[in-house]
Amino acid sequence: QSGTGMNDESFLEWLGIKRKRDSGAMAEVTYFTCLKMMSETMAKMPWKYYQKTDKGIEEPELSDVAKLMKVRPNPFMTPTTFWNTVEMNRNHFGNAYVYVRSKFKRKRYGGEYKVLDLWIMPSNCVQIVVDDAGYFGGAGKIWYTYSDKYTGQQYVFGTDEVLHFKTSHSLDGITGLPVQEILKSTVNGAQSSQEFMNELYENGLTAKATLEYTGDLNEEAKEKLIAAFEHYGAGTKNTGKILPVPLGMKLTPLNIKLSDSQFIELKKYTALQIAAAFGIKPNQINDYEKSSYSNSEMQQLSFYVDTMLFVMKQYEEEVNYKLLTEDEQDEGKYFKLNEKVLLRTDSKTQMEIFASAVNNGIEMPNECRRKLELNDAEGGDQ
């Protein structure tokens, strides 16, 4: 309360309640790094709008949906922020949901269908309902119920109105399981080791100690004696200072050697386990122990092929099925993530690739110049 000089933390301790540290998985550094790596990788790749024709692959005029995907999914988010958030929800909760707000109902053939914008529904506010009895107007259909945490209002959406992205850990094909649930004990162990290190640093790397004294003290006197020693001996503020010990007493520290318990080795092994569950390579969590430059480059390629390819394919399948009408699909139109941004090379290698493509008749000079954001050259379309 104001005027008492007591904040929430001290007030709770005064009541005998010690606030627990945030034990969410996000507080564990390896888990957070993996989430960051996956979500930022997804956000880096722009969506491209293509059409298959008799002459090959072309880029048609952008549709309303394509403009949303390219420019701004909704008034508050850029595509980078939007897909970063979607992927963060997918990995952390196991499922990510996007509400497709449209002006007209989606129709397979003919009729008007206009997507107005795309909105992320926080995964912890969404429940999937399998309507076996037909309460929502269709027996055997799947519905998504969204509870707005700000208004308390509940909304029900059909499958055509929701883009649903899930992790590869799924036992029913409908919902995904989050990595934090599968590796619960491992993630919790990593959190505990980090909390132990934090406590050790807060105590000035001072471990427990035994206090020898002559005589018998009651419980209150013991608590006061311990408090006095902790005041002078514990915490970073007392590191390197002299500790006053009364005559007849002896303070013996109990040394804890992290090397004896292989603490660092176990912590590193746990980090690699969490990273492996996400499909993250060791060099991506700053473990360069067995890495070289060429090895790191191969790990990056392996990350794209072994980890991101599955994720990208799922995104593309869901987006193409839910955001395109059947007429557009029959016309050969489709969305595709531009994965080439993940495989960019240095300038020298890039120029060699372009030169080889032009010399072997695979690309025209102007096609390569456009990729370098240069103007077309005269005769460059031959």
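Take Glu328 and tell me if it is at pLDDT 85 or above, among the charged types (D, E, K, R) and surrounded by 14 or more Cβ atoms within 10 Å (Cβ to Cβ). So Glu328 passes the test. Among the numbered criteria (1) under 21 Å from Val179 (Cα atoms); (2) at pLDDT below 75; (3) open to solvent by less than 40 Å² (accessible area, probe 1.4 Å); (4) not in a loop (DSSP other than H, G, I, E, B), which one does Tyr269 miss? Checking Tyr269 against (1) under 21 Å from Val179 (Cα atoms); (2) at pLDDT below 75; (3) open to solvent by less than 40 Å² (accessible area, probe 1.4 Å); (4) not in a loop (DSSP other than H, G, I, E, B), the one that fails is (3).
Inclusion of Met42 among residues that are within 21 Å of the chain's Cα centre (by Cα), modelled with pLDDT of 55 or more and under 28 Å from Lys114 (Cα atoms) is warranted.
Among residues of the stretch 40-63 that are closer than 18 Å to Phe82 by Cβ, those with a beta-carbon under 6 Å from a residue that is exposed (fewer than 14 other Cβ atoms within 10 Å of the Cβ) and β-branched (Val, Ile, Thr) at least six positions away or on a different chain give the pairs Lys44/Val341; Met45/Val341. Screening the stretch 348-367 for residues that are closer than 18 Å to Gly56 by Cα and of a type in the set (A, V, I, L, M, F, W, C) and picking the one that is most open to solvent (accessible area, probe 1.4 Å) gives Ile362. The residue pairs whose first member lies in the stretch 308-323 and is part of a helix (DSSP H, G or I) and among the basic types (Lys, Arg), whose second member is open to solvent by 20 Å² or more (accessible area, probe 1.4 Å) and at pLDDT below 95, and whose beta carbons are closer than 7 Å, counting only pairs six or more residues apart or on different chains, are Lys322/Asp160. Here Phe303, Phe335 are screened, and the one residue that is more than 27 Å from Val162 (Cα to Cα) and surrounded by 15 or more Cβ atoms within 10 Å (Cβ to Cβ) is Phe303. Tell me yes or no: at least one residue of the stretch 122-130 is within 21 Å of Asp172 (Cα to Cα) and modelled with pLDDT under 90. The answer is yes; a qualifying residue exists.
Taken over the stretch 294-345, the residue count meeting the criterion of being charged (D, E, K, R), within 23 Å of the chain's Cα centre (by Cα) and under 21 Å from Arg101 (Cβ atoms) is 1. From the list Leu200, Leu177, the lone residue that is at pLDDT 85 or above and either under 30 Å from Glu317 (Cα atoms) or in a helix (DSSP H, G or I) (or both) is Leu177. Would you confirm, using the coordinates I've provided, whether Gln191 is of a type outside the set (A, V, I, L, M) and modelled with pLDDT of 65 or more? No.
The values are calculated or read from the model by the stated rules, or taken from the named source; none is laboratory data. This one's a predicted model, so the numbers in the text were calculated from it and none came from an experiment. For neighbour counting, all protein chains shown are included, and Cβ atoms are generated from backbone atoms with ideal geometry for every residue, glycine included. Ligands, DNA and RNA are stripped out before the accessible areas are found, and what is left, the full protein with its side chains, is counted by its heavy atoms. Shrake-Rupley method; radii C 1.70, N 1.55, O 1.52, S 1.80 Å.
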